[in-house]
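Coordinate-derived values only; no laboratory data. Here the structure is a predicted model, which is why all the values come from computation and not from measurement. Cβ placement follows ideal geometry from the backbone for every residue including glycine, while neighbour counts extend to all protein chains displayed.
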Amino acid sequence: MLNLLPGVALALTIAIVSMAGAQFLGTAMLGLPSGLVSPILIAILLGIGVRNFTRIPVSCESGVGFALGNILKVGIALLGIRLSLDAVAEIGLMAAPIVAASIGTALIVVQALARWVGLAPRLGTLIAVGTSICGVTAIAAVAPCIRARDGEVSYAIACIALFGLMSMLAYPFLADWLFAGSDISIGLFLGTAIHDTAQVIGAGLLFEQLHPQSQALEIATVTKLLRNLCMLLVIPCMTVAYARRARSADDVAAECSTPSLLGAIPLFIVGFVVMSLVRTCGDLWFDVPVWPIFVDGLQQVSQVCLTVAMAAVGLGTRFSAIRMLGMQPLVVGFAAAAVVGVVSLSLIRLLVSGAI
């Protein structure tokens, strides 16, 4: 545990500086209402600056990874305290057809485009699942199943990091303009059009800090967790499909392994549902003044955890890794992001916006 302290302390320091800096810059210097300068945006950009323009000690690396993984998961699980189970189910039912269509379209189009530009099949598969389902988590889950090489995994993650980061910073503002401030449509768009779970949470937090009464973060979170659960179906299907292509090409080296379905279930999804259950039971049974204080306290803890995780997102963004990609993965990564965004936008316009 001691080896995690330097990296966690670095991410926490950036988070504290970002929260204090946003407050000072927004209210003291510019005279703006609180929240109009986002600490999440500052934390991400400051983390990127520290990573790429200073030399971070090697001792910080494991702690930064811990913040981006475990602390993020704790923050996401605690977000469940904001919603009752009824609300989670309602959002999930509304998001399901958009999620299914976005995933299916992305898997088909991205792999076809990867073959067209001559991208290595395993790399094309990794970019497809990373874009369509849940970014780095899906890549890490699929990679051993298709015997992906370390370089292919790194390239796929770099693609997700680059275009997911761009989406995370741009889509909250774009969605506000596209959907005229509709929380439901904005949350569904952020949850389906952005790649990685951390990036979706970052975009939702950024929008929430600009619009404090919005529920877009909760909707985006439930939508993204529903996408994550789709790994249970998609990963075995992708493994079988890739194995068949490998056999047809007589690629002995591409032998695939059987995925572990149990290992594909992210525990933070279980935590999110448990916290929603706690909120549901608490609202029904605990009609006492201390209950709202308890709920608010957990929300504050979640906010701090997520801000630390967003600092780690910035600290984990290496320009050098992105420069190594070359044009083919960049073309596929950009097309993948565009396809998912357009499909998500079109379906929300068709199925949701007209019904509001």
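Calculate how steeply helix 183-193 sits against the longest principal axis of the alpha-carbon atoms of the chain, using the helix alpha-carbon long axis, and give the answer as 0 to 90 degrees to the nearest 10. Value to nearest ten degrees: 30. Taking every alpha-carbon pair within the stretch 276-356, the share separated by more than 16 Å comes to 75 percent. Taken one residue at a time, the phi angles of the stretch 44-59 give Karplus couplings (6.51, -1.76, 1.60, θ = phi - 60°) of 5, 5, 5, x, 4, x, 5, 5, 9, 10, 9, 9, 7, x, 4, 5 Hz. Gly and Pro are set to x.
The spacing between the stretch 109-173 and the stretch 285-352, judged by their C-alpha centroids, is 16 Å.
A P(r) calculated from all alpha carbon pairs of the stretch 29-138, with 5 Å bins opening at zero, reads 2, 9, 10, 12, 14, 16, 18, 12, 6, 2, 1 percent. Normalised by residue number, the volume inside the convex hull of the Cα atoms of the stretch 141-236 is 83 Å³ per residue.
Comparing mean-square fluctuations of V58, V142, V88 from a GNM of the chain with C-alpha springs under 10 Å, the top value falls on V58.
The simple spin-label model puts a point 7 Å past each Cα toward its Cβ; for V342 and W177 those points are separated by 1.9 nm.
Can you pull the Rg over Rh of the chain, Cα-only, Kirkwood? Each step should come with its number before you reach the end.
Numbers: Rg = 20.1 Å, Rh = 20.8 Å.
When Rh is taken as the Kirkwood radius, the ratio is 0.97.
Full-extension gain between A101 and Q299, please, as 0.36 nm times their residue separation minus the C-alpha to C-alpha distance.
Values: separation 198, 0.36 × 198 = 71.28 nm, distance 3.22 nm.
Net length gain for the segment: 68.1 nm.
Which shape class applies to the stretch 100-157: rounded if a/c is under 1.5, otherwise prolate when a/b exceeds b/c and oblate if not, where a ≥ b ≥ c are the square roots of the Cα gyration tensor eigenvalues? Cα axes put the stretch 100-157 in the oblate bin.
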